[in-house]
Each structure stands twice: as structure tokens, then as C-alpha cells.
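Here the structure comes first, spelled out in C-alpha cells, and everything after it is commentary.
Please treat every number below as a calculation from the coordinates, not as lab data. Treat the numbers as computed from the prediction; the structure is a model and nothing was measured. Virtual Cβ from ideal backbone geometry, glycine too; neighbours counted across all protein chains shown.
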Amino acid sequence: MLKNSLLLGFFFLLVAFSACQKKTVYDGEAQLAVDEARIKKWADSTDVTLLRDESGLYYEILSEGTGERPDLSDSLVVEYEGRLLGDSLTFSSANDLRPYGFVLQKSIEGWKIGLPLIKQGGRIRLLIPSPLGYKDYLVGNLPRNAVLDFTIDLKKIFKNK
């Protein structure tokens, strides 16, 4: 009986100590440096010419479009393909049969920064470092700190004032 009590007590202590372990704090600046190195290495190995926003977002405007640019408060309709950097497999997409509608303010930071760079009808490629994407969260089948590669067609802007 004493042996079982000691084992049970030891088990509870082990559980208590493991529950007290602190999670590592996400360091967005350090991760941005890692992600930027990956993006630059990838860009050097391809013929893609990228521009860099001060936020760390890399982009290529494929077609500027016409009309107005979206504001954060606007509702947008887009078609897109999302991949991991350097991967040909699409992890998410929306097309003309099934476009994606959303309020820009409620999207990831990389989209909030990148989509206002084009106008309605425009097309842009965004290479989004993880601090501007999903950070270190597990989202679907994506790994933590994923660098995202989106090609987005901005189909429609609905002004919300």
C-alpha cells in the first residue's frame, strides 16, 4: 500500500513539474531575420525580382490593376493560391468558381500590407515571413514559422465607410 502511495505521489509531482514548464516566448524579430534569409536565398536561386516593404514583406506586382486601392475597412473578393516558400504544392486556394470574400482588416498582416499595393483587377505575389503570417501557430497542415507564398488576384473591392 505504501509503495502504491509513493508511486502515485511521484506521478503527481512529475505531472505538476511538467505543467509548470514555461513556453518559449515567440521572438518575432529573430524569426523575421531567419525568414528573410530563407526568402533571399530562395530569390537568389530563381529569376524572381522582389521588392521589400519596411515590414519585411516581399512582393512582386504582376499587374497593378485599375481603379481604387483597397482600405483596411473594405470587403474584398480575391482568387488566390497559397504555397509554402519553395514548395509547388498548394495548401489553400480560391478560384473563379469559389472566390474568397473577406474584410481586409481581419486577414493576416501580410495581406493587410500587400493587397493595398494593387488596385482592383490587379495581381500580386506576396512572400510572407511568419511574423506577418501565422507566426509559430499550427494552422491546418502548415508547420510553425511557415514562410508563405501567395499569388493573389484582387477581383472586387466593396468600400465600407
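In region 92-143, which residues are closer than 22 Å to SER73 by Cβ and within 10 Å of the chain's Cα centre (by Cα)? Break it down into steps so the answer makes sense when it comes.
So in region 92-143, the residues closer than 22 Å to SER73 by Cβ come out as 94, 99-122, 124, 126, 128, 132-133.
Within region 92-143, SER107, ILE108, GLU109, GLY110, TRP111, LEU126, ILE128, LEU132, GLY133 qualify.
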Please determine, by comparing only the residues of region 62-114 that are touching a Leu at 6+ places or on another chain (Cβ under 7 Å) and acidic (Asp, Glu), which one is nearest to VAL48 (Cα to Cα).
GLU109
If the Cβ limit is 6 Å and pairs must be 6+ apart or interchain, which residue in region 98-123 that is under 17 Å from LYS159 (Cα atoms) and without any contact (Cβ under 8 Å) to a residue 60 or more places away in the chain pairs with which residue that is small (Gly, Ala, Ser) and crowded, with 18+ Cβ neighbours inside 10 Å?
TYR100/ALA94; ILE118/GLY65; LYS119/GLY65; GLN120/GLY65; GLY121/GLY65
State which residue is farthest from GLU109 (Cα to Cα) when the search covers only region 63-94 and only residues that are among the acidic types (Asp, Glu) and in contact with a strand residue (DSSP E or B) (Cβ under 7 Å, 6 or more places away or on another chain).
GLU68
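Residues are listed down the side, and each one gets a yes or a no for (1) of a type in the set (Gly, Ala, Ser); (2) under 20 Å from PRO116 (Cβ atoms):
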{"residue": "GLN31", "(1), (2)": "no, no"}
{"residue": "ALA37", "(1), (2)": "yes, no"}
{"residue": "VAL48", "(1), (2)": "no, no"}
{"residue": "TYR59", "(1), (2)": "no, yes"}
{"residue": "LEU84", "(1), (2)": "no, no"}
{"residue": "SER88", "(1), (2)": "yes, no"}
Which residue pairs have Cβ atoms closer than 6 Å, lie 6 or more positions apart in sequence or on different chains, and pair a first residue in region 138-151 that is in contact (Cβ under 8 Å) with a residue 60 or more places away in the chain with a second residue that is among the aliphatic types (A, V, I, L, M) and surrounded by 13 or more Cβ atoms within 10 Å (Cβ to Cβ)?
ALA146/LEU84; VAL147/LEU85; LEU148/ILE128; ASP149/LEU85; ASP149/LEU127; PHE150/LEU126
Could you please let me know if GLY101 is touching a strand residue (DSSP E or B) at 6+ places or on another chain (Cβ under 8 Å), of a type outside the set (Ser, Thr, Tyr) and under 30 Å from GLU29 (Cβ atoms)?
no
Quickly run through region 61-88 and pick out the residues that are under 14 Å from GLY122 (Cβ atoms) and part of a strand (DSSP E or B).
ILE61, LEU62, SER63, LEU76, VAL77, VAL78, GLU79, TYR80
Looking at LEU57, LEU104, LEU84, LEU50, which is the one that is surrounded by 14 or more Cβ atoms within 10 Å (Cβ to Cβ) and under 12 Å from THR151 (Cα atoms)?
LEU84
